[in-house]
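*Asks:* Supplied in structure tokens, the structure appears directly below.
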Amino acid sequence: MPATPCRGNPAGATALAGCGRPGRTNALPSPRGRTRIGFGERLYVPSLSIASELLAFTTIGLIARWGEVFPRWVPYLGGRQVPRWAAVVPAAVGATVLTLVFTVLFILTGIRGTTIRGCELPADFPGEAGGWESAWFSLCYAPLVLWGPLMVVLTVAYHQRRRGTDRPAATA
């Protein structure tokens, strides 16, 4: 089967992503018809992915030992107790943002039948297709929908488990 040629939309505003040819991206065409991607654009997606993974990894700190005591290899802090607020505040902010972005918006757009921009869902939208496509879409999207609420549960559990551990021992 031959590769599908890359063509822009009728207005020529964007190139189709990939189009069956490796090395092609979804970017604006240059005046000469070639796709140019600047250094910042090339760096943006990997940087965003790395930052997202690092932030997601910090969630493990809410249940792991290193979320309560800094690992010994951390300069100046190794072996010391992690202040409760230093974990709870960022976790609560993250849980709120994740819940609003993925859970609330997903539910609202599903009820309204629109995209997050307010446009009507396309006829071929996976969640509207029915059958296995709709089931597959829901299965793949479920972790994102549940991430915020589960983060709330982890944050509350961490806060309750660490309650009273920030105070120095009373001297008699």
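The values are calculated or read from the model by the stated rules, or taken from the named source; none is laboratory data. Model, not experiment: these values are computed from the prediction. Neighbour counts run over all protein chains shown; Cβ positions are idealised from the backbone, glycine included. The accessibility values were calculated without ligands, DNA or RNA, using every heavy atom of the protein model including side chains. Shrake-Rupley method; radii C 1.70, N 1.55, O 1.52, S 1.80 Å.
*Asks:* If I model a spin label as a point 7 Å beyond the Cα along the Cα-Cβ vector, how far apart are those points for residue 42 and residue 112 in nm?
*Replies:* 3.9
*Asks:* Also, quick follow-up: In what sequence, highest mean first, do 146-154, 75-83 appear when ranked by Cβ atoms within 10 angstrom?
*Replies:* Top of the packing list down: 146-154, 75-83.
*Asks:* Counting Lys +1, Arg +1, Asp -1, Glu -1, what net charge surrounds residue 141 among other residues with beta carbon under 14 Å of its beta carbon?
*Replies:* -2
*Asks:* Can you work out the base-10 log of I(q)/I(0) for the stretch 84-171 at q = 0.22 1/Å, using the Debye formula on its C-alpha atoms alone?
*Replies:* So the normalised log intensities work out to -1.03.
*Asks:* Let me ask something else about it. Between residue 141 and residue 153, 0.36 nm times their residue separation minus their Cα-Cα distance comes to what?
*Replies:* The span from residue 141 to residue 153 would gain 2.4 nm if fully extended.
*Asks:* Write down the accessible area per residue of the stretch 49-164 in Å², having rolled a 1.4 Å probe over the full set of protein chains.
*Replies:* 70
*Asks:* Which far-off residues, 5 or more places away or on another chain, put their amide H under 5 Å from the one on residue 69, with H placed in the peptide plane?
*Replies:* Those lying under 5 Å, H to H, from residue 69 are 82.
*Asks:* Roughly how far apart, in whole Å, are the Cα centres of the stretch 61-80 and the stretch 111-133?
*Replies:* Taking the Cα centre of each part, the stretch 61-80 and the stretch 111-133 sit 45 Å apart.
*Asks:* By the gyration tensor of its Cα atoms, with a ≥ b ≥ c the square roots of the eigenvalues, what is the shape of the stretch 90-139: rounded for a/c under 1.5, prolate for a/b over b/c, or oblate?
*Replies:* oblate
*Asks:* By accessible area of protein heavy atoms, probe 1.4 Å, what ranking do 120, 128 get, highest first?
*Replies:* Order by accessible area, largest first: 120, 128.
*Asks:* Once you list every other residue whose beta carbon is under 14 Å from the beta carbon of residue 121, what net charge do they have if Lys and Arg are +1 and Asp and Glu are -1?
*Replies:* -2
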